[in-house]
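Structure first, commentary second.
The values are calculated or read from the model by the stated rules, or taken from the named source; none is laboratory data. Predicted model, so just to flag it, every value in this text is computed and none were measured. Positions of Cβ are backbone-derived with ideal geometry, glycine not excepted, and every protein chain shown enters the neighbour counts.
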Amino acid sequence: MQKCGKCNEHFSWSKIYESFWLNYKPIKCNECNTTHKITMPSTLIFVSFTILPMLTFGFFLSPFSNGLVTLGIATLIFIIGSLLAPFLVTYKES
Ligand SMILES: [Zn+2]
């Protein structure tokens, strides 16, 4: 999990997760107040864990002819991907 570049304080999963939903809002360290911005590759990681697999499933891989079932599973894929993404992204001091 991502740490503060200055004081090595760990950022919580929920803090990073929240940052995603606020348009990659910069994270502020609890200890030293240093602001951290998401790195460019990390935004790509987030997209490739969420939107990409969701669309791939929805358009190419779905075995279901029922659009609603496909949509439900695609949404599930998106949610699971977004839950995993905080472990992989990196933030940089700004
Ligand atoms: Zn810190």
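Being over 12 Å from the mean Cα position of the chain (by Cα), surrounded by 13 or more Cβ atoms within 10 Å (Cβ to Cβ) and near the ligand (Cβ under 8 Å from one of its atoms): is that true of Cys29 here? Explain how you work it out, then say what you get.
Numbers: over 12 Å from the mean Cα position of the chain (by Cα): yes; surrounded by 13 or more Cβ atoms within 10 Å (Cβ to Cβ): yes; near the ligand (Cβ under 8 Å from one of its atoms): yes.
Taking the combined requirement at face value, the residue satisfies it.
Of all residues in the range 18-47, those that are in a strand (DSSP E or B) and without any contact (Cβ under 8 Å) to a residue 60 or more places away in the chain total 5. Only one of the numbered conditions (1) within 16 Å of the ligand (Cβ to nearest atom); (2) under 13 Å from the mean Cα position of the chain (by Cα); (3) free of Cβ contacts under 8 Å to residues at least 12 places away in the same chain is violated by Gln2, and that is (3). Within the range 46-90, being surrounded by 16 or more Cβ atoms within 10 Å (Cβ to Cβ), touching a Ser or Thr at 6+ places or on another chain (Cβ under 7 Å) and under 23 Å from Lys6 (Cβ atoms) holds for one residue alone: Val89. Thr43 fulfils the conditions (1) of a type in the set (Ser, Thr, Tyr); (2) more than 16 Å from the ligand (Cβ to nearest atom); (3) buried (at least 17 other Cβ atoms within 10 Å of the Cβ); (4) under 18 Å from the mean Cα position of the chain (by Cα) except for a single criterion, (3).
Scan the range 49-87 residue by residue and report those that are of a type outside the set (Val, Ile, Thr) and within 9 Å of the chain's Cα centre (by Cα). Selection gives Phe49, Gly81, Ser82, Leu83, Leu84, Ala85, Pro86, Phe87. Does Lys15 qualify as being within 11 Å of the ligand (Cβ to nearest atom) and either at pLDDT below 95 or among the charged types (D, E, K, R) (or both)? When the stated conditions are applied, Lys15 does not pass them.
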